[in-house]
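Just so you know, all these numbers are worked out from the coordinates, no wet-lab data involved. Model, not experiment: these values are computed from the prediction.
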Amino acid sequence: MAYRTRIFGDNPLYKILSDHWQNFVGAHEERFQHACGALRGTAKRVVNRFLDCGNPTNGFARIKCSSCGAERLLHFSCKTRGCVPSCQARMVEEWAGWFADELSEPVFHRQMVFTIPKILRP
């Protein structure tokens, strides 16, 4: 996993999850399920996508500077919201731009509150 150092550096969240996630999943049923309930499939998918984000085996683009000719690889991201800070920030920025251009009135918005009915939350 040498590519991880280049992408996430010393990210403590990545280090903790890569070192302990499989042990946690294995022990969850025995140690935590009675008090916390079953580990949701969504949590497993998000963490596994985070651990695989930027993996060059999942694809990459070769970028070449037209001025100097320098090349580098841009690894594709997981596009997961909530767990991967860089992917989350990009998604939030795109959504905010779409919201401002398509939905909101041309006034300054100080706060937006959205609610989801309980029946739709699961």
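Note that the range 2-78 carries a Kirkwood radius of 14.8 Å, evaluated over its alpha carbons pair by pair. Put simply, the amide H of PHE60, placed in the peptide plane, has neighbours under 5 Å in PHE76, leaving out anything fewer than 5 places away on its chain.
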